[in-house]
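Colleague: Handing you this structure, nothing more for now.
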Amino acid sequence: MSDQSREDKTRRLTAQIFEKWHDAAPDTDLIRFCAEWDPENEVVFRSVNWGFFSSDQPRYLDHKTREMIVSGLLAFRASPGTYTHVLKAVRLGASVNQMLEVFEIATIPGGGPTRTFGMKAVRKVVAHYRR
């Protein structure tokens, strides 16, 4: 990466990030800012955090289950990333009913707002596939 210009690094990195993020989160400007500010750091950050979800590192839970768990946790936090992880879970084979159940279960510790936030993410994923 050292022989590339900063603009080339940034272009390549943001293309790589948004290919995975699908412009799902409303805070994509923040992601773009971080990639433009320090592309090398963003590459390291993405490899460390996304490594947990990569299919080349199987663990005890399958990747669909991991994404479902993360979706419930993010809904509890009212995070815009909820949609991204619901989308990933569905792409890995989770049904809409399974995702709805995740948010019904997350309602027990998180209350109604958790369920509402999760259901909105599921609805957005369903709309994404109806396009």
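Colleague: Return the sequence-ordered ³J(HN,Hα) values of the stretch 104-113 in whole Hz as given by the Karplus equation 6.51 cos²θ - 1.76 cosθ + 1.60 applied to θ = phi - 60°, using x for Gly and Pro.
Modeller: Values, residue by residue: 5, 5, 5, 5, 4, x, x, x, x, x Hz.
Colleague: What list of ³J(HN,Hα) values in whole Hz, one per residue of the stretch 92-101 in order, does the Karplus curve 6.51 cos²θ - 1.76 cosθ + 1.60 (θ = phi - 60°) give from phi, with Gly and Pro shown as x?
Modeller: 8, x, 5, 8, 4, 4, 5, 5, 4, 5
Colleague: If you don't mind, another one. Let me make sure I get this right: for the stretch 69-114, a, b and c are the square roots of the gyration tensor eigenvalues over alpha carbons, sorted descending. Under 1.5 in a/c it's rounded, otherwise prolate if a/b > b/c, else oblate. Which is it? All intermediate terms of the calculation are to be shown ahead of the outcome.
Modeller: Values: a/c = 2.71, a/b = 1.40, b/c = 1.93.
Cα axes put the stretch 69-114 in the oblate bin.
Colleague: How far apart, in nanometres, would the label points at GLN16 and ASP38 be if each is projected 7 angstrom from Cα along the Cα-to-Cβ direction?
Modeller: Here the answer is 1.7 nm between the modelled labels.
Each reported figure results from applying straightforward, stated rules to the coordinates on display, with no laboratory input. Only a predicted model underlies this, so the values are computations on that prediction, with no experimental measurement involved. Heads up, the Cβs are rebuilt from the backbone with ideal geometry, glycines too, and the neighbour counts pull from every protein chain shown.
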